[in-house]
Amino acid sequence: MKKILIIILLTVVLFSCAKKTVLKESSVSEEDLYNRAFEQYEAKKWGKSIDLFQKYIFSYPANKRTESAQYYLADAYYNAKSYTEAIVELEYFRDNYKNYNLKKDASYKLALCYYKLAPSYQFDQTLSKNAINEMREFLQKYPESENKQEVDSLSRILISRLEEKKMHTGDFYFKKRDYISAEIYYLSVDLNNLSDGYRDALIMSLVNTEMKLKKYDDAEKNINKISETSKHYPKAKKILDKIKKNI
């Protein structure tokens with residue numbers, strides 16, 4: 001009997017505490033909730049600020065502060081390096097709100113999120129392509145941005161990565177002795193978009209492939225594209241000597 005009474009008393013106490021907590025939460029004003037969320041944001045307590053901004057947006061979806069709450073929510077995810085979640089919130093902000101400066105910053109960080117998620121050339125490059133598209137859109141819409149040079153530079157890195165993927169796909173086929181497929185991939189690489197460190201390596205790979213295919217005239221033309229100061233030049237010159245001696 002005593003046990004039953006104790007259980008009943010504990011249940012009443014817990015229910016009373018829970019009720020007080022609910023009343024306390026519901027008694028927080030719109031302004032207080034926003035300020036609490038922003039205080040956590042300024043303190044760089046990203047997890048807590050995310051929870052509070054989400055609660056604010058859910059409670060006040062059409063308030064005068066909802067726009068900035070949505071921006072800070074997205075930015076908190078970005079600063080927490082939760083880039084996948086940040087992309088969702090940044091895209092929502094960009095597509096649904098009008099503040100020019102905040103939209104510009106959201107577009108900038110959206111491009112950076114895709115860049116940070118973009119994998120190395122060995123993997124699927126869908127995220128790299130998405131990042132490039134976001135960067136191009138940003139540069140087109142905000143040509144006056146102070147982040148223009150950074151975004152342009154990062155875009156070039158990703159474009160070069162796409163070309164590197166073609167090059168390494170060519171290497172894959174060369175190793176399999178599928179020289180026709182290797183040549184197709186090597187020729188598809190845009191040298192203008194390939195980083196300098198890969199340029200001569202690509203040309204040498206193409207030359208080796210053309211030698212296997214007995215396309216000696218093409219191989220000779222490509223060898224002449226390699227600078228005498230390149231580390232690949234000694235090997236290229238040996239191949240050129242073979243061609244001139246008709247192998």
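The values are calculated or read from the model by the stated rules, or taken from the named source; none is laboratory data. Remember, predicted model here, so these are calculated numbers, not experimental data. Quick reminder, even Gly has a Cβ in these numbers, built from the backbone with ideal geometry, and neighbours come from all protein chains shown.
What to note about this one:
- Among the residues making up segment 34-48, those that are over 13 Å from residue 68 (Cβ atoms) and in contact (Cβ under 8 Å) with a residue 24 or more places away in the chain are 44, 46, 47.
- For the criterion of being crowded, with 16+ Cβ neighbours inside 10 Å, assigned by the TED database to the domain that holds residue 154 and of a type in the set (Phe, Trp, Tyr), residue 53 passes.
- Among residues of segment 125-152 that are within 20 Å of residue 101 (Cβ to Cβ), those with a Cβ under 7 angstrom from a residue that is of a type in the set (Lys, Arg) and in a helix (DSSP H, G or I), sequence gap 6+ or separate chain, pair up as 139/148; 142/104; 145/104.
- Residues of segment 122-138 satisfying the condition of being more than 21 Å from residue 89 (Cα to Cα) and either modelled with pLDDT of 95 or more or over 13 Å from the mean Cα position of the chain (by Cα) (or both): 122, 123
- Elements of type helices (runs of 4 or more DSSP H) in segment 1-97, at least 2 residues being at pLDDT below 90 and of a type in the set (Val, Ile, Thr): 2-26
- Sub-6 Å Cβ pairs linking a first residue in segment 101-118 that is closer than 17 Å to residue 73 by Cα to a second residue that is surrounded by fewer than 21 Cβ atoms within 10 Å (Cβ to Cβ) and among the aromatic types (Phe, Trp, Tyr), at least 6 apart or interchain, are 104/142; 113/83, ordered by first then second residue.
- Output for segment 140-164, where each listed residue is under 15 Å from residue 114 (Cα atoms) and surrounded by 16 or more Cβ atoms within 10 Å (Cβ to Cβ): 151, 154, 155, 158, 159, 161, 162
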